[in-house]
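Below is one structure, written out as structure tokens; comments come after it.
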Amino acid sequence: MARARAQANAEWAFNELGSIDLGDARSNRRMVSFLSHMLNSPGISIPQFASSVAEAKAFYRLLDAETVTDTVLLDVQRQAVLRRAMHSGCRVLLAIQDTTTCNYDTHHSLDGLGAISSNQLRADFQGLHVHSTLLTAADEDEVFGLLGAKIYARKALRKKQTPGTRNRERIEDKESIRWLESLELARQARQWLQELSAQPA
């Protein structure tokens, strides 16, 4: 049972990231292997699921590489999502978007965090925001995956503004721009699917 599950996870990881290009073939294979390990052992740290100290160090070096970014990973994975949607035969798709807050307030050594919330005792809880767009079938119980995700950190929580002030800000300066960016991503996905479906079999 465990072996069959591991094999299925390895195949899924290859389908998702098998076409990734990180600059060399070894890094490409290692990224697919890393995803497969993560699927086999969700919630477990790299030293715990790595087969050796050397493999753990190799995974850390991979994640620290300049070529490995959220944009690169999401762009590759998006192609797998669109292929699944196309092969499903679904005629109506939904691109559902929302923002998630990730609380990393106890991870003091992490760089790049921003303000996420406040209460009566503190005004500087630290973490990240992730605005995700999920592609699903409209009339079937099927989820194809993420079309995209924008990961960002607020520099500081907004102070209470006087009525009408926010309306005078440029849309590019507001966090609500994420919703428009996701809408554009959905439009691009629809165009890509239409072009692909029009090609001869």
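The values are calculated or read from the model by the stated rules, or taken from the named source; none is laboratory data. All values derive from a computational prediction rather than experimental measurement. A quick note on method: Cβ atoms are made from the backbone with ideal geometry, for glycine too, and the neighbour counts reach across all protein chains shown.
Side notes on the structure shown:
- Taking the criterion of being in a loop (DSSP other than H, G, I, E, B) and touching a residue at least 24 places away in the same chain (Cβ under 8 Å), no residue of the range 34-47 qualifies.
- Within the range 10-28, tally of residues that are touching a Ser or Thr at 6+ places or on another chain (Cβ under 7 Å) and either acidic (Asp, Glu) or part of a loop (DSSP other than H, G, I, E, B) (or both): 2
- Annotation note: Cβ proximity below 9 Å between a residue of the range 175-190 that is within 14 Å of His131 (Cα to Cα) and a residue that is among the hydrophobic types (A, V, I, L, M, F, W, C) and exposed (fewer than 13 other Cβ atoms within 10 Å of the Cβ) (sequence gap 6+ or interchain) occurs for Ile177/Ile171; Leu180/Ile171.
- Residue among Ala137, Ala153 that is surrounded by 11 or more Cβ atoms within 10 Å (Cβ to Cβ), aliphatic (A, V, I, L, M), out of contact with any Cys (no Cβ under 8 Å at 6 or more places or on another chain) and at pLDDT 85 or above: Ala153
Conditions tested, residue by residue: (1) of a type in the set (Gly, Ala, Ser); (2) over 20 Å from Gly148 (Cα atoms).
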| site | (1), (2) |
| --- | --- |
| Phe49 | no, yes |
| Ala54 | yes, yes |
| Phe59 | no, yes |
| Leu63 | no, no |
| Val68 | no, no |
| Thr71 | no, no |
| Arg78 | no, no |
| Val81 | no, no |
| Arg84 | no, no |
